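Laboratory data are not the source of any read-out in this text; all were calculated from the coordinates shown. Bear in mind that the values here come from a model prediction, so they are computed numbers and not experimental data. Cβ coordinates were reconstructed from backbone atoms using ideal geometry, including for glycine residues, and neighbour counts include every protein chain displayed.
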Amino acid sequence: MTKLFSSAAVLSMIALFLGACSGKPEPAAEEAIKSTETPEYFNLRPKLEKDYGYTHAVRIGDHLKISGAVSMNDTGHIVAPGDMAQQMKNCYGDLEKILQHYGYSYDDVYAENIYTTNMVEFIKVSGFRNSIYKKQFPTGTWLEVKGLAVEGQLIEIDMEAHKPGKQTGN
């Protein structure tokens, strides 16, 4: 009986302690939490993104998620059809614009996924990535796919980045 009572007493004390620790945060702390958890969206090509039904990037706190970039202009036409190297450079150009919008750089990218309709051709030109990732390559996956959203797209690249202290402002 003593062991049972002791266990119950311990459990009660733990419950009381947890209850005291789970109080509501101070108003200033609560506002800071809300501001870091509020999604901040960015549209690189607003009309196209609305037509296709996506947002190109969203930052929540220190974390930035960028949808797949493809080689297209503002009217939705493929740029450099049939040219894997140039399409890849165009993708990275758009990704850099988004990173810079939020005050990030390629050094902050920790994950990158590449989708291509021709892996052999992509591997031939993939050395270009050495010119952008000078500090460290991110983790990622390279996948060959049957097709991408628009006929003629050869490559699509999405990424995620993290930069401590980027919760507010750019």
- Message: Show me the trypsin sites (Lys or Arg not before Pro) within the stretch 88-170 that DSSP assigns to loop and that have at most 15 other Cβ atoms within 10 Å of their Cβ.
- Response: K134, K135, K146
- Percent RCO, i.e. relative contact order, over the stretch 39-162, from Cα pairs under 8 Å lying at least 6 residues apart: 31 percent
- Message: Between E96 and K146, how high is the FRET efficiency from 1/(1 + (r/R0)^6) when r is the Cβ-Cβ distance and R₀ = 35 Å? Nearest 0.05.
- Response: 0.80
- Message: Loop-only GluC sites (Glu not before Pro) in the stretch 91-170, please: DSSP not H, G, I, E or B, and at most 13 other Cβ atoms within 10 Å.
- Response: E151
- Task: Amide H neighbours of G140 under 5 Å, at least 5 residues apart or on other chains, H built in the peptide plane: list them.
- Result: E112
- Mind grabbing the base-10 log of I(q)/I(0) for the stretch 65-170 at q = 0.19, 0.22 Å⁻¹? Debye formula, identical points on the C-alpha positions, no solvent, two decimal places. -0.94, -1.22
- Task: Give the Rg/Rh ratio for the stretch 33-108, taking Rg as the radius of gyration of the Cα atoms and Rh as the Kirkwood radius, to two decimals.
- Result: 1.02
- Item | Karplus-derived HN-Hα couplings along the stretch 49-57 (A = 6.51, B = -1.76, C = 1.60, θ = phi - 60°), whole Hz, x at Gly and Pro | 5, 5, 4, 8, x, 8, 10, 5, 8
